[in-house]
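What follows is a short report on a single structure.
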Amino acid sequence: MVQIIVNGKSIEVEEGQTVLEACLSNGIFIPNLCFLKDREHPHASCRLCFVEIEGRPAPVPSCTVNVEDGMVIRTDTPEVKRLQKSAFKLIMSGHPCHAKTCPTEKPCTLMKIAKHLGVGLSPKPLEKLERDIPEVVDFGFMFYFPYRCVLCGRCVHVCRTQNEGKPLLTFARRGFDTMVAFFSDPGENVEAKCRSCLACINICPTAALVLKADERKTA
Amino acid sequence: MAKDTKIIETYEKLRGAARKRLEAERAEGIPSIRITMSTCARAAGAEETKKAIEDVLEAQGLNARIISVGCLGHCYAEPLLIIDHPTTGFPPICYYNVDANKAKLICRSYLEDGDPAFEYVLGAMEENDLIPPVTTFPRFSMEQRVVMELCGLIDPWNIDHYLDKDGYSALASALQMEREEIIEIVTKSGLRGRGGAGFPTGKKWKFAFEKSADGKVVICNADEGDPGAYMDRTIIESNPHQLLEGLIICAYAVGADEALVYVRAEYPLAVRTIQHAIEEAREYGLLGENILGSDFSLSVRVFQGSGAFVCGEETALIQSVEGRRGMPQHRPPYPVEKGLWGKPTVVNNVKTLSSVPPIIRRGADWFRSIGTEGSPGTAIFSVVGNVKHPGLVEIAMGTTLRTLIFDICGGIPGKKKFKAVQIGGPSGGCLPEQFLDTPIDFDSLTQAGAMMGSGGMVIMDEDSCMVDVARYFLEFTQKESCGKCTFCRIGTKHLLNILNRITKGEGREEDLETLRQLAEDIKKGSLCGLGKTAPNPVLTSLRYFMDEYEAHVKEKRCPALKCRDLIAYYIDLEKCARGCEACVGSCPVEAIFTTKGRKKAIDQSLCVKCGECMTSCPPEYDAVVKVSPPELAPIIERPPDQQPKRAMDGADS
């Protein structure tokens with residue numbers, strides 16, 4: 001166990017944890033989307049979990065730093081908030097919010113983050129952006145809604161873990177038009193295997209991956 | 001490793017044999033014609049020139065040896081020929097802009113009649129009493145070549161040429177040193193990574209050396225992707241062996257048994273050249289098992305990248321070699337700790353590795369004597385844009401921008417005024433005139449808001465619109481973002497959208513603040529170097545050219561008269577010559593009509609602002625005027641009998 005000081009409060013946390021994990025397990029919320037506990041290497045793509053650590057010149061994503069004894073951390077400085085808000089607004093500018101028809105359980109992950117940051121779900125002053133990607137993609141037994149997807153990459157990661165390093169889900173396209181795609185070897189019947197897993201659907205924070213059966217229910 | 005005179009003996013035998021072969025060629029006394037055949041020269045027509053020379057030699061029964069060499073770095077003068085005709089008493093002569101016809105003329109005149117055709121001569125390659133040498137020309141004399149010393153002078157496809165110039169002698173001496181000794185020399189030399197970030201090379205090697213691991217890897221990063229930058233390609237195409245020598249020395253120093261040259265597939269000639277060089281080196285025992293008879297073995301292979309810009313970032317590069325999507329990973333762990341296949345991996349740029357053999361050969365102190373305290377050695381820039389003598393320039397670090405642009409590269413053509421220099425490609429920044437006396441080195445450039453980057457340098461004259469330049473670079477980085485992290489993926493898209501809006505005259509006043517804030521957040525928040533530096537063109541242009549942004553937003557005016565939506569062309573009726581029709585035919589959309597006074601005018605509703613009329617208007621009239629904002633153009637009614645005949649006839653049939 002090591003001692004760290006978060007926002008002026010001293011807490012005892014397990015060694016080998018990331019700062020993000022340590023804070024979350026002690027009831028200190030830090031916004032995050034791409035973080036997964038069992039990841040060996042942090043994905044660090046959502047850029048929401050910034051914190052300030054004493055001795056470091058600039059805020060760092062807390063999922064990328066392991067706790068050290070005596071570490072002094074602040075999760076609420078203006079600079080941290082500014083970066084978090086900025087990243088969140090960027091995400092929301094590419095995520096049209098249809099709360100009424102969205103199948104996520106409310107409040108959804110994004111709503112919780114918005115509440116924590118004290119901002120709305122609108123990206124203002126940024127404009128809403130349209131991506132040049134299909135509205136819905138048929139993945140066989142499930143649908144993928146690119147516009148809901150925030151590209152946190154959790155589904156790709158869990159799929160890789162479930163399939164011994166050879167994920168069926170992966171990223172496709174580039175830049176702003178990046179989306180998740182489903183690949184399987186021709187002739188391979190993955191449906192049975194996938195149906196017994198569904199890890200990707202369960203881990204998606206924005207209901208971008210939905211079983212076809214469930215989607216019909218909500219429609 | 002024990003001091004072993006066997007290594008030197010083996011090397012000297014190799015070099016001796018190479019020299020003997022070349023000596024035998026020289027002894028024949030026939031003229032040699034060196035022609036630049038790098039990608040840039042080929043684009044300028046070198047293949048036709050070479051064909052013409054072959055034809056004329058055959059037709060006239062002339063005896064000469066044609067040697068294809070790489071690039072001399074003088075792009076404005078491509079294709080270049082260097083003819084050495086020893087029996088005439090003239091020194092080797094360099095000819096410039098030699099197209100097929102000139103080549104025939106020069107060959108016949110010089111080889112047949114012994115007349116060097118002075119009108120096409122750029123200069124002599126050696127000091128002499130007959131022809132002014134090229135070194136009287138600042139573009140040659142003010143450069144200082146370490147990495148590019150042999151580029152354009154030796155045959156990159158013949159290892160003998162490199163051996164003849166003491167090539168691989170640094171490897172031979174390195175193999176006799178202790179590994180720590182080599183790292184010590186490189187550290188002392190102060191060599192910093194030439195890929196852009198300027199990380200001390202010796203330090204990187206030391207980290208990798210100190211890691212104990214089953215295998216280590218050295219990767220040469222030749223994934224050059226900045227628009228307008230082509231140093232790495234040219235070095236590989238012109239002198240691949242110097243790079244290989246550096247690579248082998250690096251591998252030996254850190255204890256690697258595997259090396260990769262990561263070249264993009266869009267560089268087919270560079271790929272073939274380096275592959276051929278690797279084969280030659282292997283045949284000569286400079287690669288493979290027991291190099292030069294030592295107990296050090298190394299295999300090198302070429303990996304062809306698919307051209308994603310972000311794969312120049314070392315972690316993304318490693319991902320792509322492993323067969324994954326080229327996306328940068330969070331560092332640490334750095335590749336020197338855990339790189340390709342989990343092994344400690346040194347990733348070094350082409351120019352960094354090519355700097356190593358001269359350092360080993362001539363010592364750390366010699367290298368330190370060039371350049372500045374913090375950035376020793378030389379910098380290579382591909383200078384392009386509005387400059388008289390563009391091309392590759394290798395200068396000592398610490399040379400000022402003014403010297404480079406005005407003294408070495410000849411300044412701005414056409415009596416135009418200098419406006420800005422964009423350094424470091426899409427990750428760099430635009431510096432205005434007041435920074436011309438900034439010395440070129442890693443730290444000064446970063447301080448000014450630009451960066452060394454990989455060495456792209458675009459010179460811009462008064463006709464360049466800085467908002468448009470920022471937009472251009474953002475369009476590039478936006479397209480090349482891998483899509484992983486929020487700031488780069490979505491943030492750069494917003495920057496680009498706002499810049500697009502501003503150049504179209506739809507900018508709002510709050511846009512400027514949004515632009516600045518967002519750019520700063522992207523810089524601070526992004527995951528990798530691409531995202532962290534992508535806003536630099538925006539931030540520097542906002543800092544130094546705010547007045548241009550304001551003119552676009554507040555007055556809907558483009559001061560450089562560049563942004564198409566903010567300009568208009570009109571014809572000054574005072575200057576227009578009655579009856580002249582020059583502009584009419586040049587207009588692609590029939591926007592030009594004849595006024596009642598039999599002069600010409602432009603129908604603004606049809607004009608697409610291509611500027612053809614301005615080009616075609618005879619200079620003695622010079623009647624076409626470009627203005628911004630477009631409202632400044634006087635409106636002239638189009639007479640009813642002058643309606644355009646839509647040139648659609650026959651389009652459907």
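The values are calculated or read from the model by the stated rules, or taken from the named source; none is laboratory data. Computed from a predicted structure; not experimentally measured. Every residue, glycine among them, receives a Cβ derived from its backbone with ideal geometry; neighbour counts consider all protein chains shown. Keep in mind that these areas ignore ligands, DNA and RNA; they rest on the heavy atoms of the full protein, side chains included. Shrake-Rupley method; radii C 1.70, N 1.55, O 1.52, S 1.80 Å.
Mind checking which aspartates and glutamates have their C-alpha under 13 Å from B:LYS416, skipping anything on the same chain fewer than 8 residues away?
The reachable aspartates and glutamates, counting only those whose Cα sits under 13 Å from B:LYS416, are B:ASP461, B:GLU462, B:ASP463.
Which percent of Cα-Cα pairs in the range A:2-77 sits in each 10 Å bin, short to long?
21, 59, 20
Could you tell me whether the range B:159-368 comes out rounded, prolate or oblate from its Cα gyration tensor? Rule is a ≥ b ≥ c as square roots of the eigenvalues, rounded for a/c under 1.5, then prolate if a/b exceeds b/c, otherwise oblate.
rounded
With a cut-off of 20 Å, note down the residues of the range A:1-16 whose backbone N falls inside the zone around a label point 7 Å from the Cα of A:VAL72 toward its beta carbon.
Flagged as within label range: A:2-13.
Within the P(r) computed for the range A:42-165, what percentage of the Cα pairs occupies the region above 25 Å?
37 percent
What does the average come to when, for each residue of peptide A:171-180, you count the partner chain Cβ atoms lying within 10 Å of its Cβ?
Going residue by residue through A:171-180 and averaging, the value is 6.
Enter the mean projected area of the convex hull around the alpha-carbon atoms of chain B, in nm², rounded to one decimal.
34.6 nm²
Can you give the alpha-carbon Rg of the range B:506-653 over 2.2 N^0.38 Å, where N counts its residues?
The reported ratio for this selection is 1.44.
Kirkwood Rh, Cα Rg: Rg to Rh for the protein assembly as shown?
1.01
So what is the relative contact order of the range A:2-77, in percent, for Cα pairs below 8 Å that sit 6 or more residues apart?
Relative contact order here is 41 percent.
Among the lysines, which have Cα under 25 Å from the Cα of B:LYS102 when same-chain residues fewer than 8 positions away are ignored?
Straight-line reach from B:LYS102, under 25 Å: B:LYS50, B:LYS51, B:LYS388.
I need the shape label for the range B:1-88. Rule: rounded when a/c is under 1.5, else prolate if a/b > b/c, else oblate, with a, b, c from the alpha carbon gyration tensor.
oblate
With an 8 Å cut-off on Cα pairs and a minimum separation of 6 or more residues, tell me the relative contact order of the range B:159-368 in percent.
Taking the mean separation of contacting Cα pairs over the length of the range B:159-368, I get 31 percent.
Let me confirm the definition first: pairs of Lys residues in the range B:159-368, 8 or more apart or on different chains, C-alpha distance under 23 Å. How many are there?
Lysine pairs meeting the criterion: 24.
Take the alpha-carbon centre of the range B:121-178, take the same for the range A:109-147, and report the distance between them in whole Å.
First find each Cα centre; the distance between them is then 58 Å.
Enumerate the residues in the range A:138-178 having an amide nitrogen under 18 Å from the point lying 7 Å beyond the Cα of A:ALA213 toward its Cβ.
A:139-144
Just to confirm the filter: which trypsin sites (Lys or Arg not before Pro) across the range B:2-46 are DSSP coil and have at most 14 other Cβ within 10 angstrom of their Cβ?
B:LYS3
Determine the relative contact order of the range B:204-303: mean sequence separation of Cα pairs under 8 Å and six or more apart, normalised by residue count, in whole percent.
Over the range B:204-303, the number comes to 30 percent.
In the structure displayed, which of A:LYS81/A:LYS124; A:LYS89/B:LYS523; A:LYS128/B:LYS524 lie more than 20 Å apart, Cα to Cα?
Going by Cα-Cα distance, A:LYS128/B:LYS524 fall outside the 20 Å limit.
Pairing the Cα long axis of helix B:179-189 with the longest principal axis of chain B, what angle in degrees results, from 0 to 90 and rounded to the nearest 10?
Value to nearest ten degrees: 40.
Rounded if a/c is under 1.5, else prolate if a/b beats b/c, else oblate: with a ≥ b ≥ c from the C-alpha gyration tensor eigenvalues square-rooted, which is the range A:129-219?
Oblate, because a/c is 1.5 or more while a/b does not exceed b/c.
For A:GLU105, B:GLU513, B:GLU245, give me the order by solvent-accessible area with a 1.4 Å probe, most accessible first, ignoring ligands, DNA and RNA.
A:GLU105, B:GLU513, B:GLU245
For the interface of B with A, what's the total buried accessible surface in square angstrom, probe 1.4 angstrom, rounded to the nearest hundred?
Buried surface at the B/A interface: approximately 2900 Å².
Give me the distance between the Cα centres of the range B:297-324 and the range A:34-99, rounded to whole Å.
29 Å
Working from Cα positions, state the angle (0 to 90°, nearest 10) between the long axis of helix B:201-210 and the longest principal axis of chain B.
50 degrees
How far, in degrees from 0 to 90, does helix B:46-60 lean away from the longest principal axis of the Cα atoms of chain B, to the nearest 10?
70 degrees
Straight-line reach only, C-alpha to C-alpha below 16 angstrom: list the lysines that B:LYS575 could link to, leaving out same-chain residues fewer than 8 apart.
Result set, ordered by chain and number: B:LYS596, B:LYS599, B:LYS600, B:LYS626.
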